[in-house]
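Each value in this text was obtained by applying a stated rule to the coordinates, not by laboratory testing. Remember, it's a predicted structure, so these values are computed and weren't measured experimentally. Note that each Cβ is placed from the backbone with ideal geometry, even for glycine, and that neighbours are counted across all protein chains shown.
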Amino acid sequence: MTSRLKRTIWIVPPIIIAIAVLLVLPKLKHPPQKVEQVEQTVKVMAIKVPRLMFAPKAIGYGTTRPAKTWEAVAEVSGQVVWVSEDFETGRIIPAATKLLKIDDTTYKLAITQIQAQLNILQIKIKATQSALQIDKRRHSSLQKEVQRKKQLLKSGTVSTSEFDETQRNLLNSELLLQNHKNTLAINQSEIELLQVQKAQAELNLEETIITTPIDVRLTSLHIGQYQFANKGQLLFSADSIKQVEIEARFPIGRLRPLLASKKQNNSEYVSVTEKAPGAKKLKALVRLKTATHSIQWKASVDRVSGIIDSETQTIGVVVIIDKPYQQSQPGKRPPLIRNTFVEVELEKTTKEQQIIIPVSSIHNGKVYTINSQNRLAIKKVKVMFIQGGLAVIEQGLDEDESIVVSNLVPAIEGMLLNPVPDEKTLKHLKVEASGQKTRSNK
């Protein structure tokens, strides 16, 4: 067999195999399979919207000051001849305590001099009254004499000149009586004037002793013993310890929820300040926060400031604490002296049921809700007001509606969610709404 034939034989089998593959492969080929894509779910933390009993609160800050202050001003002039051992700054002085005395010699002499003048006038009055009685009797005799001579004149027994003389004597007597009466009236007026002067001198004498009108704490002294006090000079200043007041500043909008009344349609709020002093019905707590603990006092709202601060747009609410010194405990509770910086919390006394959600769950006025198919539904809500970490919703949400309380980025309407109940957030919401978070028994 020739070499050419051998090469031909070796080429034939591969050709046969290739033809067989081309014929068989189309029969073995399968059509492409359709792959179904599964929609991914996003895990989120969620709560059911609660309707809770809630009382609005507002926090403000201010400094303490005494409800009353006393500035002792000298009503008389003179040297300070005596001061009390307690006449020192910081001392607590009970009411009706004598603190200092001004020299009263001048005022005692004035009283003595006025009394002597009164005694002289009394003697003059008695002498004038005696003379008046005598002249009254003489006047009565002259009247009778005139009547007698008038009858004699008609009968020609008495001359006209004699009758005229008797009548002139009667007129002189009447003038003398009138002079006595005028003298008595002048003397009486002089007595009244001297009595006023004496009363003023006696008042001046009383004012030489400075006595505390109320329980006070001395804050500053401006005079000492042996120094001369001029009338009108400030001697010392003191603060009342009966009451302390704080004018706390609040943003105007923060007070609106506290001073509003709910109408029966549950959707509109109107101010009731025209009908009643709403601010006085608020509960007030005053807190002093230190590095280690917080101390609080019960207070009462006394009044609202008459003007709004133009720079901060805040309004002042004045609250009063009764008997702060009696409530003080050394090392535990200070007596709230002047200029102590404190926090003031105002709370509405009546609670109302409100739709409440965390502030963090509101995104540009919208809330992410979860529908019955566990898909995202974005709703626009109307916020009544915000307090701390809570938002009170007026419109847009219903009770027991599910909302997303965790971060959701991106938030696409209709996306499938896997909600997980966030019991911790719901519990925190209820606790904060009840007010337990901010209360303290210290």
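Tell me, in nm to one decimal, what length is gained between Gln233 and His293 on full extension, where the rule is 0.36 nm per residue of separation less the Cα-Cα distance?
Full extension from Gln233 to His293 adds 17.2 nm.
Quickly estimate the mean residue ellipticity at 222 nm for the chain, helices only: each DSSP H run with n ≥ 4 gives -39500 (n - 2.57), and the total goes over all residues, rounded to 500.
Taken over the chain, the calculation gives -11500 deg cm²/dmol.
Evaluate E = 1/(1 + (r/R0)^6) for Arg148 and Asn182, where r is the Cβ-Cβ distance and R0 equals 41 Å; express this FRET efficiency to the nearest 0.05.
Efficiency computed from Cβ-Cβ geometry: 0.85.
Send over the Kirkwood Rh of region 364-432, from the inverse of the averaged 1/r over different Cα pairs, rounded to one decimal Å.
The answer is 13.1 Å.
What are the membrane-span-like helices in the chain by this rule: whole DSSP H runs, Cα extent along the axis at least 18 Å, mean Kyte-Doolittle hydropathy at least -0.5?
Qualifying helices: 3-28.
Counting Lys +1, Arg +1, Asp -1, Glu -1, what net charge surrounds Val420 among other residues with beta carbon under 14 Å of its beta carbon?
Local charge sum for Val420: +1.
Long-range amide H contacts for Ala229: which residues qualify at under 5 Å (H placed 1.01 Å from N, peptide plane, sequence gap of 5 or more or a different chain)?
When sequence neighbours closer than 5 places are left aside, the close amide H contacts are Gly78, Gln79, Val80.
If every alpha-carbon in region 137-204 counts as one equal scatterer, what log10 I(q)/I(0) does Debye give at q = 0.16, 0.20 1/Å?
-0.65, -0.80
What does the charge count near Ala229 come to, summing +1 for each Lys or Arg and -1 for each Asp or Glu among other residues with Cβ under 13 Å from its Cβ?
-2
With Cβ to Cβ distances under 12 Å as the rule, what net charge do the other residues near Asp400 carry (K, R +1; D, E -1)?
So the surrounding residues net to -1.
Among the DSSP beta bridges whose two residues both lie in the chain, what percent are antiparallel, rounded to the nearest 5?
Of all bridge pairs located within the chain, approximately 95 percent are antiparallel.
For region 310-349, list log₁₀ I(q)/I(0) at each q in 0.17, 0.18, 0.22, 0.29 Å⁻¹, using the Debye formula over Cα point scatterers of equal strength and ignoring solvent, two decimals each.
Listed by q, the Debye log ratios stand at -0.66, -0.72, -0.92, -1.17.
Tell me, how many Å apart are the Cα centres for region 213-241 and for region 122-166?
69 Å
State whether region 290-429 is rounded, prolate or oblate according to the following rule on the C-alpha gyration tensor (a ≥ b ≥ c being the square roots of its eigenvalues): a/c under 1.5 gives rounded; otherwise a/b larger than b/c gives prolate, and the remaining case gives oblate.
It comes out prolate by the Cα gyration axes.
For a quick check: with amide H placed at 1.01 Å from N, whose amide H comes under 5 Å from Ile93's, ignoring anything fewer than 5 positions away on the same chain?
Distant-sequence amide H within range of Ile93: Val216, Arg217, Leu218.
Which value, in debye to the nearest 20, gives the size of the charge dipole of region 106-206 about its Cα centre, when Lys and Arg are +1 and Asp and Glu are -1 at the Cβ?
500 debye
Which of Gln151, Gln129, Gln296 ends up with the largest GNM mean-square fluctuation for the chain, with Cα atoms connected below 10 Å?
Of the options given, Gln151 has the highest mean-square fluctuation.
Just tell me the longest site-free run in the chain, where the sites are GluC sites (Glu not before Pro) in a DSSP loop having at most 14 other beta-carbon atoms within 10 Å.
Here the longest segment lacking exposed loop sites spans 89-267.
Given a cut-off of under 8 Å on Cα pairs at least six residues apart, what relative contact order in percent is computed for region 106-206?
53 percent
Residue by residue through region 306-311, which ³J(HN,Hα) values in whole Hz follow from phi under the Karplus form 6.51 cos²θ - 1.76 cosθ + 1.60 (θ = phi - 60°), with glycine and proline marked x?
Those phi angles translate into x, 9, 9, 5, 5, 7 Hz.
Would you mind listing how long the chain runs along its three principal axes, going by Cα atoms, in whole Å with the largest first?
Taking max minus min along each principal axis of the Cα atoms, the chain gives 222, 63, 39 Å.
For a quick check: sort His293, His428 by the number of other beta carbons within 10 angstrom, fewest at the front.
His293, His428
Can you give the relative contact order of the chain as a percent, counting alpha carbon pairs under 8 Å and 6+ residues apart?
27 percent
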